[in-house]
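Structure record follows, encoded as structure tokens.
The values are calculated or read from the model by the stated rules, or taken from the named source; none is laboratory data. These numbers were taken from a predicted model, which means no experiment stands behind them. Cβ coordinates were reconstructed from backbone atoms using ideal geometry, including for glycine residues, and neighbour counts include every protein chain displayed. Accessible surface is based on the protein model in full, side chains and every heavy atom, while ligands, DNA and RNA are left aside. Shrake-Rupley method; radii C 1.70, N 1.55, O 1.52, S 1.80 Å.
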Amino acid sequence: MRRKIVAGNWKMNGSKDLSEKLVGYVQAEAGSLDNGVEVVIIPPAIYIRDVLKQAEGAVSVGVQNVGQWQSGAYTGEISSEMAKDAGCDYVLVGHSERRQIFGETDELVAEKVALVVASGLTAIVCVGETLEERESGLAESVVSSQVRLGLSAVSSGDWKNIVVAYEPVWAIGTGKTATAEDAQAMHASIRSVLKEMGAPAEEISLLYGGSVKADNAAALFSESDIDGGLIGGASLDAKEFISICRYFPASS
Ligand code: PEP
């Protein structure tokens, strides 16, 4: 049975006020979700305590990034051990904004994934092709390589702490979404790569991300290899976010 997850990535947005109001609404509504979805909120690290307090255990909390070190003289960084200590369950690793703006490579992603799983947290590892790569017919090979390299350091006992988020770069924050069929095809391809790597592929949750909204969530989430969503912009609107969580079919 795979975990069904809808995770909201606030990116560098939000405030103490949003943490109270949005999480208050989500906390009140999450209890009435009857489709087994785990709701995760991933705020800027500085608001994690506020979100945890407001969530009262009704949602899980994650951090958007960790450094590739355990501790030390790395001003501005936080470690996965600290994320765990603060009460987080999830860590986003290799989001395309980290890859494109901060130059994170697959090798760095692999280092971070190893630290995250070693601290007992679940890594949500983001992969996805650019528009140029898709238009050149390279989407599957790019994503396959990101999966193989980014997860190369995962040992057999740690796959339970891995979630993969397929987020085509051209769909993030653009209002363009992959069709449910294209997203399903890529998810099936990722699952077969995981299988080839010796992972328990049928047990690993694969999320889709890229302009997911209440009006396209149902089609995406009804695909057999799509186990949830990683939501950016729409996760900043409490009602829209909860609507997305509700679109998960109860039977899957
Ligand atoms: C994201 O940031 O991971 C994301 C999918 O953003 P958006 O939903 O805004 O496209």
Quick one, can you get me the convex hull of the C-alpha atoms of the chain expressed as volume per residue in Å³?
113 Å³
How high is the relative contact order of segment 142-236, given as a whole-number percent (alpha carbon pairs under 8 Å, six or more residues apart)?
34 percent
Beyond 30 Å between alpha-carbons counts as too far, so tell me which of Lys53/Lys112; Lys21/Lys160; Lys160/Lys213 fall in that bin.
Lys21/Lys160
Figure the gain on full extension for Gln100 and Ser155 (residue separation times 0.36 nm, minus the Cα-Cα span) and round it to one decimal in nm.
17.1 nm
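What is the percent carbon and sulfur in the accessible area of the chain, measuring with a 1.4 Å probe over the protein chains and ignoring ligands? Kindly include the intermediate steps, with their values, before the conclusion.
Working: 5490 of 10980 Å².
About 50 percent, which is the carbon plus sulfur part of the accessible surface.
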In nm, the gap between the two label points placed 7 Å beyond Cα toward Cβ at Asp17 and Met197 is 4.2 nm
